[in-house]
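Here's the structure, in structure tokens; my notes come after.
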Amino acid sequence: MTDKKNKKKRFSNDVTVENRRARFDYEIIEKHEAGIELAGSEVKSLREGGGSLTDTYAQEIGGQVFLRGLHIKPYTQANFVQSNPTRERRLLMHRKEIDRLVGQVATQGLTLVPLRLYFNQRGLAKVELALCRGKKAHDKRETIKERDLQRELRRDHKLR
């Protein structure tokens, strides 16, 4: 009985790695979920929180989508054969979804950016991809103003 409880807690929808900068630098148009092909030691390293999504993007190569720039630190207790921490990792998506996303990237000048990497309820590694358009400098200033205004409103509400 206790084993089931522990298993459910272990495979929660907790975010392992998040790309906070992407929400500031890009205007998010659509979000998609994709699986990611990882080695066993990479999964263990991600469960310990050893990953970084900064400067990561997705690109179509030969009809498949790959994540470039994802850094997963080497697992310390793995055997002596370690994989490259910044190697390209294949995303697992349906053909129609790949074709539609790649078509939008090519025609509209959009970018595929990973927002977060997490483990779902079944314990599988998933990536939340966003179809994004880069923000201009004045858009970023607007975002900062809105964030400051919301912070002040929350602060005033707490004081009451």
Q. Which pairs have Cβ atoms under 8 Å, sit 6 or more apart or on different chains, and link a residue in region 127-147 that is within 20 Å of Asp55 (Cβ to Cβ) and at pLDDT 90 or above to one that is crowded, with 17+ Cβ neighbours inside 10 Å and charged (D, E, K, R)?
A. Val127/Arg116; Glu128/Arg116
Q. Can you name every residue in region 92-126 that is of a type in the set (Lys, Arg), touching a residue at least 40 places away in the same chain (Cβ under 8 Å) and not in a strand (DSSP E or B)?
A. Arg122
**Q.** region 20-70, residues that are more than 11 Å from the chain's Cα centre (by Cα) and of a type in the set (Phe, Trp, Tyr)
**A.** Phe24, Tyr26, Phe66
(Q) Could you tell me how many of the residues in region 66-87 are out of contact with any Gly (no Cβ under 6 Å at 6 or more places or on another chain) and closer than 21 Å to Arg21 by Cβ? (A) 8
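Yes/no per residue for (1) under 18 Å from Ala125 (Cβ atoms); (2) surrounded by fewer than 18 Cβ atoms within 10 Å (Cβ to Cβ); (3) touching a strand residue (DSSP E or B) at 6+ places or on another chain (Cβ under 9 Å):
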{"position": "Glu60", "(1), (2), (3)": "no, yes, yes"}
{"position": "Gly63", "(1), (2), (3)": "no, yes, no"}
{"position": "Leu70", "(1), (2), (3)": "yes, no, yes"}
{"position": "Gln77", "(1), (2), (3)": "no, yes, no"}
{"position": "Asn84", "(1), (2), (3)": "yes, yes, no"}
{"position": "Leu92", "(1), (2), (3)": "yes, yes, yes"}
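Is it the case that some residue within region 95-104 is touching a Pro at 6+ places or on another chain (Cβ under 6 Å), surrounded by 15 or more Cβ atoms within 10 Å (Cβ to Cβ) and at pLDDT 85 or above? Step through it out loud before you land on a result.
Here is the first cut: in region 95-104, the ones touching a Pro at 6+ places or on another chain (Cβ under 6 Å) are none.
No; the residues of region 95-104 include none that is touching a Pro at 6+ places or on another chain (Cβ under 6 Å), surrounded by 15 or more Cβ atoms within 10 Å (Cβ to Cβ) and at pLDDT 85 or above.
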Q.
For a quick check of your reading: which strands (runs of 3 or more DSSP E) sit entirely within region 1-91 and have at least 3 residues that are at pLDDT 85 or above?
A. 26-36, 57-61, 64-68
Q. Listed residues Val43, Val113; which is in contact with a strand residue (DSSP E or B) (Cβ under 9 Å, 6 or more places away or on another chain) and within 28 Å of Thr143 (Cβ to Cβ)?
A. Val113
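The values are calculated or read from the model by the stated rules, or taken from the named source; none is laboratory data. All of these numbers come straight from a predicted model, not from anything done at the bench. Ideal geometry is used to build each Cβ from the backbone, glycine not excepted, and the neighbour counts take in all protein chains shown.
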